[in-house]
1. From the list P127, P132, which residue is exposed (fewer than 15 other Cβ atoms within 10 Å of the Cβ) and out of contact with any strand residue (DSSP E or B) (no Cβ under 7 Å at 6 or more places or on another chain)?
2. Provide a single number: the residues in region 61-112 that are closer than 19 Å to P131 by Cβ and in contact (Cβ under 8 Å) with a residue 60 or more places away in the chain.
3. If you take the residues in region 78-122 that are within 15 Å of the chain's Cα centre (by Cα) and among the polar types (S, T, N, Q), which one is surrounded by the fewest Cβ atoms within 10 Å (Cβ to Cβ)?
4. Which residue is surrounded by the fewest Cβ atoms within 10 Å (Cβ to Cβ), if the candidates are limited to region 135-152 and must be out of contact with any Phe, Trp or Tyr (no Cβ under 9 Å at 6 or more places or on another chain) and of a type outside the set (G, A, S)?
5. If you go through region 69-77 one residue at a time, do you hit one that is more than 15 Å from V149 (Cβ to Cβ) and hydrophobic (A, V, I, L, M, F, W, C)?
Amino acid sequence: MDPGSRNPASDRVWSTFAGQYGSVSRDYVEGLKAGEQTALNTKEFVFYGYFERIRARLDLAWQPLLREHLIKMYRSGRRLASDRDHTTRTRVVLDTRGKVVRVQLLEASGVLTLDDAAVEAFNQAGPFPNPPSGLISPQGTVEIQWEFVLKT
């Protein structure tokens with residue numbers, strides 16, 4: 001299925017899936033209640049603009065991939081466990097131009113389909129141009145840890 005195409009039958013399957021398992025949240029932070037806020041003096045906060053550009057490009061890649069993979073899984077009769085969130089943790093290495101050099105799976109979600117979609121999303125979404133010089137290591141790379149969370 002072309003992720004950009006719309007198929008009424010697939011939309012019904014996706015709607016059923018989304019209704020049954022919840023939704024994908026852009027701003028999910030484990031242990032943080034809705035409405036609570038934090039202000040952290042971390043590199044993620046300092047370089048917020050760059051990370052937000054990464055997130056925007058990832059959303060464009062990951063949402064259709066996730067949808068495609070979950071529809072296939074749902075049609076095959078498989079279901080996700082609904083008693084927990086599914087989190088895929090990755091480490092991504094970029095070069096000084098923001099090109100994706102490597103995507104490494106740090107922690108699997110327990111569902112190969114979700115993990116594959118996360119890795120594939122980074123590879124499709126890149127490059128992420130103009131990384132701030134403060135993120136570039138002495139080795140000439142940018143290392144980012146990123147979590148993909150599907151709340152069920």
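All of the numbers you see were taken from the coordinates with simple rules; none came from a lab. On a predicted model such as this, the values are computed, not experimentally measured, just so you know. So basically every Cβ, Gly included, is an ideal-geometry build from the backbone, and we count neighbours across all protein chains shown.
1. Details: P127 fails: out of contact with any strand residue (DSSP E or B) (no Cβ under 7 Å at 6 or more places or on another chain).
Sole residue among the options that is exposed (fewer than 15 other Cβ atoms within 10 Å of the Cβ) and out of contact with any strand residue (DSSP E or B) (no Cβ under 7 Å at 6 or more places or on another chain): P132.
2. Of the residues in region 61-112, the ones closer than 19 Å to P131 by Cβ are 61, 90-104.
Retained after the next criterion (residues that are in contact (Cβ under 8 Å) with a residue 60 or more places away in the chain): 61.
Qualifying residue count for the region: 1.
3. For region 78-122, the residue satisfying everything is Q104.
4. Step one: filter region 135-152 for residues out of contact with any Phe, Trp or Tyr (no Cβ under 9 Å at 6 or more places or on another chain), giving 136-141, 143, 145.
Next, only the ones that are of a type outside the set (G, A, S) stay: 136, 138-139, 141, 143, 145.
On the way: I136: 15, P138: 5, Q139: 8, T141: 15, E143: 15, Q145: 11.
Within region 135-152, the match that is surrounded by the fewest Cβ atoms within 10 Å (Cβ to Cβ) is P138.
5. yes
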